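The values are calculated or read from the model by the stated rules, or taken from the named source; none is laboratory data. Being a predicted model, the structure only gives us computed values, none of them experimental. In this analysis, Cβ positions are derived from the backbone assuming ideal geometry, glycine residues included, and neighbour counts consider all displayed protein chains. Side chains included, ligands, DNA and RNA excluded: accessible areas come from the protein's heavy atoms. Shrake-Rupley method; radii C 1.70, N 1.55, O 1.52, S 1.80 Å.
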Amino acid sequence: MGHDIVARTWDSLWSEGFIAEGPRITSELLCRRSPLMMKVCIFLFLQKSPESCVLYSIPFPLLLQRTRITMRCYAFLAAAAPLVHALPAPAPAPVAAPAPKPLPLPQGVEADPVTGLVSGLINGVLNIGSLSSAVPEIISDLGNVLDSAGVVTGRSADRHSDEYPASDDPSRWCFWNHICESISIAGIGYSFECSHTANSAANVNPPVPFSKTFYNTVFGNAPFDIAESALRAAIYIPPGFTWGAKQPVLMSPGTGATGVETFSSNIGKLLSGTSFADPVYLNVPQNLLNDAQANAEYVAYALQYLYAMTSKKPAIVTWSQGSLDTQWVFKYWPSVPKIVTDHIAISPDYHGTVLAYTLCPGFTTANAIACVPSVIQQQYNSNFVTKLRSNGGDSAYVPTTTVYSLTDEIVQPQEGTAASGFLNDARNVGVSNTFLQGACLAEPAGLLYTHEGVLYNPVAYALVVDALQHPGPGSFSRVSGQCGAIVAPGLSLSDVIETEALIPLAVLNIFAYSPKVDNEPVLKAYATH
């Protein structure tokens with residue numbers, strides 16, 4: 001795909017009246033560089049009407065017939081518009097757009113955890129903890145954000161491909177594939193030829209040499225039920241991967257998202273610029289909404305694949321369900337802990353979450369709305385969680401660093417040693433559990449961080465780096481100086497907003513998933529201890 005796809009630009013649509021007046025600054029700042037945000041926004045607008053999806057008065061069929069949709073992400077992101085409207089706009093172009101509305105007051109974090117989940121699902125991008133994290137970026141990094149996003153108001157000048165830095169991964173700002181996926185999710189009968197992007201689960205990776213094969217050949221490991229070709233294809237290896245010159249770090253996502261969507265605007269972005277870590281992304285089919293036992297197979301395969309192909313032991317960074325799946329792998333693929341140096345778990349739910357009952361309340365009518373296999377498996381006392389935690393499964397198998405927040409709107413409880421994210425150390429491998437509000441009491445990094453907000457928390461990222469550069473788990477005593485910051489150094493406002501889009505994206509994927517379930521998937525035959 002290239003820029004020659006564009007047959008009619010956003011400016012011509014604007015001038016010919018296909019697009020009503022609206023907050024163009026949102027399009028310029030966010031959608032142009034955020035395929036994840038675009039997926040959320042396109043899906044929302046497609047759901048409004050199957051026949052005439054109105055995107056600020058754009059009739060969708062007309063848009064398809066009269067426009068080859070540009071790859072430069074010129075579209076509106078209604079979910080994040082209030083945040084962007086708060087930014088000071090540069091001088092308007094000759095034809096000025098209407099003045100943006102003032103930023104509404106953010107919603108506070110609910111004290112009741114069930115209410116907190118509901119409000120978090122609806123208001124994920126306007127959460128007070130996340131908003132507070134964005135404020136210093138508006139002040140300190142606004143110039144860079146505006147320069148990189150090309151923010152204008154009114155009509156913009158034509159843009160050329162040379163404005164995109166050569167170092168940027170095109171998949172970060174190309175949203176064509178996301179539009180196709182969203183149209184499919186919404187049930188619209190349009191057909192497109194969608195190319196694979198970094199978010200794909202159909203990557204073409206080199207096979208493991210016969211002398212290093214491990215697929216269903218390692219005695220004592222649980223068997224793989226998924227075809228090796230499918231497991232290998234779910235690994236996204238960025239073009240600059242060094243194949244062992246730096247330590248490979250597997251980035252394993254949480255419920256409802258891919259590895260690229262989860263980490264490319266936070267920890268993955270930062271690690272890619274280091275001299276010691278080589279991030280690789282795991283894009284599990286159907287966004288980890290299937291049976292968690294199947295999701296775990298992708299983790300087990302990817303870790304062994306990276307070791308076989310680089311001859312260097314990998315580390316793994318996980319978010320949410322990714323942590324639970326990884327712990328399952330360590331328990332039932334006993335050869336894997338021997339080849340992994342570190343597990344860094346962000347917002348983990350090793351005991352599941354009491355809030356999963358909100359989506360899977362236990363009766364068919366309600367379960368039919370949003371109860372998917374991996375969500376029901378993450379209920380606090382589910383069969384899956386109970387089996388995992390039995391016989392030492394609640395203790396680390398490799399040096400493990402966990403980071404979690406009291407104001408997590410998805411996983412509860414998350415406080416102190418009773419937190420779902422807390423892991424024991426019966427095997428003496430080394431564990432550090434960092435409860436942000438306790439570690440950074442009354443300091444900026446210990447304020448109101450959401451489930452997704454921990455991904456850009458400065459202490460969380462500092463612990464990732466510390467764990468990768470020292471033997472054993474990350475040590476809070478070595479990174480406590482980061483408590484005075486709010487966002488990890490190197491991240492911009494657009495990165496914070498893109499990370500905050502993870503929860504709305506997950507919710508949309510959950511609603512779209514089919515079939516919904518009433519009961520947990522049956523435990524695998526190998527899960528006997």
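A few notes on this one:
- Only listed residue being aromatic (F, W, Y) and open to solvent by less than 30 Å² (accessible area, probe 1.4 Å), chosen from Y513, Y526: Y513
- Condition check for T417: among the β-branched types (V, I, T) and buried (at least 24 other Cβ atoms within 10 Å of the Cβ): no
- Evaluation of L502 against (1) open to solvent by 10 Å² or more (accessible area, probe 1.4 Å); (2) under 22 Å from V403 (Cα atoms) (one fails), failing number: (1)
- Residues in the stretch 415-443 that are farther than 18 Å from V398 by Cα and among the acidic types (D, E): 2 in all.
- Search result, residues across the stretch 309-323 that are open to solvent by 10 Å² or more (accessible area, probe 1.4 Å) and either without any contact (Cβ under 8 Å) to a residue 12 or more places away in the chain or among the hydrophobic types (A, V, I, L, M, F, W, C) (or both): M309
- Which numbered condition I497 fails, given (1) open to solvent by less than 30 Å² (accessible area, probe 1.4 Å); (2) closer than 17 Å to T318 by Cα: (2)
- Among the residues of the stretch 514-529, those identified as without any contact (Cβ under 8 Å) to a residue 12 or more places away in the chain and under 27 Å from A366 (Cα atoms) are S514, P515, V522.
- W243 meets each of the listed conditions (1) out of contact with any strand residue (DSSP E or B) (no Cβ under 6 Å at 6 or more places or on another chain); (2) under 30 Å from K524 (Cα atoms) apart from (2).
- Hey, V429 among the β-branched types (V, I, T), open to solvent by less than 10 Å² (accessible area, probe 1.4 Å), at pLDDT 95 or above and farther than 19 Å from Q377 by Cα or not: no
- On the stretch given as the stretch 293-308, residues that are open to solvent by less than 10 Å² (accessible area, probe 1.4 Å) and under 13 Å from S252 (Cα atoms) total 8.
- Some residue of the stretch 445-460 being assigned to a loop (DSSP other than H, G, I, E, B), polar (S, T, N, Q) and either open to solvent by 20 Å² or more (accessible area, probe 1.4 Å) or out of contact with any Phe, Trp or Tyr (no Cβ under 9 Å at 6 or more places or on another chain) (or both): yes
- Out of V429, V487, sole residue that is within 24 Å of the chain's Cα centre (by Cα) and of a type outside the set (D, E): V487
- Entry remark, the stretch 357-398: residues being at pLDDT below 95 and crowded, with 24+ Cβ neighbours inside 10 Å number 0 in total.
- Hey, G446 under 30 Å from P314 (Cβ atoms) and modelled with pLDDT of 95 or more or not: no
- For the condition buried (at least 24 other Cβ atoms within 10 Å of the Cβ) and among the hydrophobic types (A, V, I, L, M, F, W, C), A467 qualifies.
- If the condition is being under 24 Å from Y513 (Cα atoms) and out of contact with any helix residue (DSSP H, G or I) (no Cβ under 7 Å at 6 or more places or on another chain), then the stretch 294-323 contributes A294, S320, G322, S323.
- Residue match in the stretch 399-407 (condition: within 21 Å of P458 (Cα to Cα), open to solvent by 10 Å² or more (accessible area, probe 1.4 Å) and at pLDDT below 95): no
- Checklist (1) within 15 Å of the chain's Cα centre (by Cα); (2) crowded, with 24+ Cβ neighbours inside 10 Å; (3) closer than 19 Å to S347 by Cα applied to G268, failing item: (2)
- The residues in the stretch 461-514 that are in a helix (DSSP H, G or I), farther than 30 Å from N424 by Cβ and not charged (D, E, K, R) can be counted, and the count is 13.
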